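Here the structure comes first, spelled out in structure tokens, and everything after it is commentary.
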Amino acid sequence: MGTPLYKYPECRLTEKGREYIGKVSETESGKNCLRWDTQPNGTPSDFLANVTYPGHFSNLDTWSHQNYCRNPSGRERPWCFVMDENTQWEYCDIPMCTDKDPPECKITQQGGEYIGRTNVSHSGFACQVWMEPWRSKIPGKGELFLPAFPDYKGTGEPHNFCRNPDGDAAPWCFIEGKNLGKEYCDIPFCKVREVQGGPKGNVYPECRLTEKGKEYVGTKNVTETGKPCVDWKSKPFGMPWDFFNQKRGYSEHFIHADLAMHKNYCRNPALYREKPWCFVSEPDIQWEYCDIPLCHNLEPPECKLITSGGEYVGRRNTTISGFRCQHWLAQYPARHNQIFQSLSAFPDEVDGTNNFCRNPDNTGHGPWCYLKESGNSWEYCDVPFCPPTGGERCDIRVSGNCMSPVECKINKIGVKYMGTKNITKSGKPCQLWMSISPNVISGKFEYTIRNAFPDDLHPSHNFCRNPNAVSEGPWCHNGAGTDPSWEYCDIQIC
């Protein structure tokens, strides 16, 4: 027999194995491990007094580590608590990885386990060496990284590798010589296993496209055990602990930021849960997973279901005007805080490769992105509505529903006009309302205010409208140039 191959994360890369986040849950002697979040034997004596109990674990979280073997205090190797009157804990038999070079990828969204050697930020800036307050002198133990570093007690040498010691959204570092301060690093997800599609007939949105199913917006409202789901608006148990950035409003952690839309349907807005779930009415249980099947075709649709398109997980990464999208984890050229503010509301997990059009903050008229080049910071993307099942043309929609246009206005001001005229009085073509070319309109209120229009905007919508209720009636921006930047349209009164 050949030598067995051990591949990360189901093995350890270092002797102490603090980076281990595999799923072994029994000790060397065969005892079952106890859950870390219950603190079954209190706080271990080798945990630091000035660091919280969760602060000793990667991602500053204990729930996601369940009862798996870990090494939060830097002992000789991974261990766990056990139920035994003679001993509180035992070591686990975690093999060393066959390839001991740390992988240049992460397993979890936050990547607290990452011990790779990348030492430049996403935009290519050199990382600073980690110093105070991330390193501390421990009496009798010398100078060490704080426990949330996977390097804790692994080496006394300072380094400038990307890490996530504070439970941020992804590995990051301080930047040398730039006023950005810090920036996330380009660390992709590890390819642990391929997800296989489900049976024929499983069609999105009534199935999930990914293992975690964060993009799921179907209508299943019972759990795996048949319990009815509780309406999300009722907030039966307060703010879930694994909603990222607890300072955000409850609804802002959800796709579309609208709890009424999600009703009591299974969803997965949290960081650590494995698939869609919901609250249940039993206080001792609080929540359960739902049985949401995988879609037969796992390729994400290149369209949106409703105006905001918050559920869109397609691969488009250029804007309506053709500008390339900036990676969401990058802070250059557009500096922003979307990841920290809206991570829970992304319809997918975010790593260094993600520069796809998204709408995590429920902005205006659909998926968008920051621009990698251009003097402007952002623009909408060409993500159309998903076509009607009958395949008919649908230029005008209201709340996502197709409407037959009426080619006249009921009064002079015409704020309710929903026709398809797209030529100005002088014959100029109208600019797309969601485009910033040729006229830069991203600073105009109509660019982001959804209810300024009587109908839904979409990428090919360049019809005359009157979003700011000017007295002379419907108008549009000049699609042929910037002089003039806009003109009125000639719309007849009904």
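The values are calculated or read from the model by the stated rules, or taken from the named source; none is laboratory data. These figures come from a predicted structure and were not determined experimentally. Methodologically, a virtual Cβ is constructed for each residue, glycine included, from the backbone with ideal geometry; neighbour enumeration extends over all protein chains shown. Areas reflect the complete protein model, heavy atoms only, side chains present, ligands, DNA and RNA absent. Shrake-Rupley method; radii C 1.70, N 1.55, O 1.52, S 1.80 Å.
Kindly indicate the residue of the stretch 445-478 that is among the aliphatic types (A, V, I, L, M) and not in a helix (DSSP H, G or I) and also surrounded by the fewest Cβ atoms within 10 Å (Cβ to Cβ) among those meeting that condition.
Looking only at the stretch 445-478, we keep the residues that are among the aliphatic types (A, V, I, L, M), and these are 449, 452, 457, 469-470.
Now narrow it down to the ones that are not in a helix (DSSP H, G or I): 449, 457, 469-470.
Details: ILE449: 13, LEU457: 24, ALA469: 10, VAL470: 14.
The residue in question is ALA469.
What tally of residues in the stretch 331-341 results from selecting those that are buried (at least 18 other Cβ atoms within 10 Å of the Cβ), touching a residue at least 60 places away in the same chain (Cβ under 8 Å) and under 14 Å from the mean Cα position of the chain (by Cα)? Can you show your working first?
Residues of the stretch 331-341 buried (at least 18 other Cβ atoms within 10 Å of the Cβ): 331-332, 338-339.
Filter once more, keeping what is touching a residue at least 60 places away in the same chain (Cβ under 8 Å): 331-332, 339.
Then drop every residue that is not under 14 Å from the mean Cα position of the chain (by Cα), which leaves 339.
Selection size over the stretch 331-341: 1.
Being at pLDDT 95 or above, closer than 21 Å to THR108 by Cβ and within 14 Å of the chain's Cα centre (by Cα) is the requirement here; does ASN245 meet it? Let's see the steps before the verdict.
Values: at pLDDT 95 or above: no; closer than 21 Å to THR108 by Cβ: yes; within 14 Å of the chain's Cα centre (by Cα): yes.
So ASN245 does not fit the description; no.
Of the conditions (1) modelled with pLDDT of 80 or more; (2) within 23 Å of the chain's Cα centre (by Cα), ASN160 clears all except one; give me its number.
With respect to (1) modelled with pLDDT of 80 or more; (2) within 23 Å of the chain's Cα centre (by Cα), ASN160 is out only on (2).
Residue-wise test of (1) modelled with pLDDT under 95; (2) open to solvent by 40 Å² or more (accessible area, probe 1.4 Å); (3) within 22 Å of ILE436 (Cβ to Cβ).
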| residue | (1), (2), (3) |
| --- | --- |
| GLY310 | no, no, yes |
| THR319 | no, no, yes |
| ASP348 | no, no, no |
| ASN359 | no, no, yes |
| PRO367 | no, no, yes |
| GLU373 | yes, yes, yes |
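The rows are residues; the columns are (1) in contact with a Phe, Trp or Tyr (Cβ under 6 Å, 6 or more places away or on another chain); (2) of a type in the set (Ser, Thr, Tyr); (3) closer than 24 Å to GLU446 by Cα.
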residue: ASP361; (1), (2), (3): no, no, yes
residue: LEU371; (1), (2), (3): yes, no, yes
residue: SER404; (1), (2), (3): no, yes, yes
residue: LYS416; (1), (2), (3): no, no, yes
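Let's see how each residue does on (1) part of a loop (DSSP other than H, G, I, E, B); (2) under 18 Å from ILE175 (Cα atoms); (3) polar (S, T, N, Q):
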site	(1), (2), (3)
LEU329	yes, yes, no
SER344	no, no, yes
ASP348	yes, no, no
ASN354	yes, no, yes
ASP361	yes, no, no
HIS365	yes, no, no
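Mind telling me which of the residues CYS105, CYS80, CYS69 ends up being in contact (Cβ under 8 Å) with a residue 60 or more places away in the chain and open to solvent by less than 50 Å² (accessible area, probe 1.4 Å)?
Values: CYS80 fails: in contact (Cβ under 8 Å) with a residue 60 or more places away in the chain; CYS69 fails: in contact (Cβ under 8 Å) with a residue 60 or more places away in the chain.
Selected residue: CYS105, the only one of CYS105, CYS80, CYS69 that is in contact (Cβ under 8 Å) with a residue 60 or more places away in the chain and open to solvent by less than 50 Å² (accessible area, probe 1.4 Å).
Restricting attention to the stretch 150-184, report how many residues are touching a strand residue (DSSP E or B) at 6+ places or on another chain (Cβ under 6 Å) and hydrophobic (A, V, I, L, M, F, W, C).
6
Determine whether the stretch 208-228 contains at least one residue that is charged (D, E, K, R), outside any loop (DSSP other than H, G, I, E, B) and touching a helix residue (DSSP H, G or I) at 6+ places or on another chain (Cβ under 6 Å). Write out each step before concluding.
Of the stretch 208-228, the ones charged (D, E, K, R) are 208, 211-212, 214-215, 220, 224, 227.
Filter once more, so that each one left must be outside any loop (DSSP other than H, G, I, E, B): 208.
Now narrow it down to the ones that are touching a helix residue (DSSP H, G or I) at 6+ places or on another chain (Cβ under 6 Å): none.
Scanning the stretch 208-228 turns up no residue that is charged (D, E, K, R), outside any loop (DSSP other than H, G, I, E, B) and touching a helix residue (DSSP H, G or I) at 6+ places or on another chain (Cβ under 6 Å).
Given the structure, is GLY400 among the small types (Gly, Ala, Ser), under 28 Å from ALA270 (Cα atoms) and either open to solvent by 10 Å² or more (accessible area, probe 1.4 Å) or in contact with a Cys (Cβ under 6 Å, 6 or more places away or on another chain) (or both)?
Criteria met by GLY400.
Okay, residues lined up against (1) surrounded by 13 or more Cβ atoms within 10 Å (Cβ to Cβ); (2) of a type in the set (A, V, I, L, M); (3) within 21 Å of ARG315 (Cβ to Cβ):
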| residue | (1), (2), (3) |
| --- | --- |
| PRO171 | yes, no, no |
| GLY181 | no, no, no |
| LYS191 | no, no, yes |
| GLN196 | no, no, yes |
| GLY201 | no, no, no |
| THR219 | no, no, no |
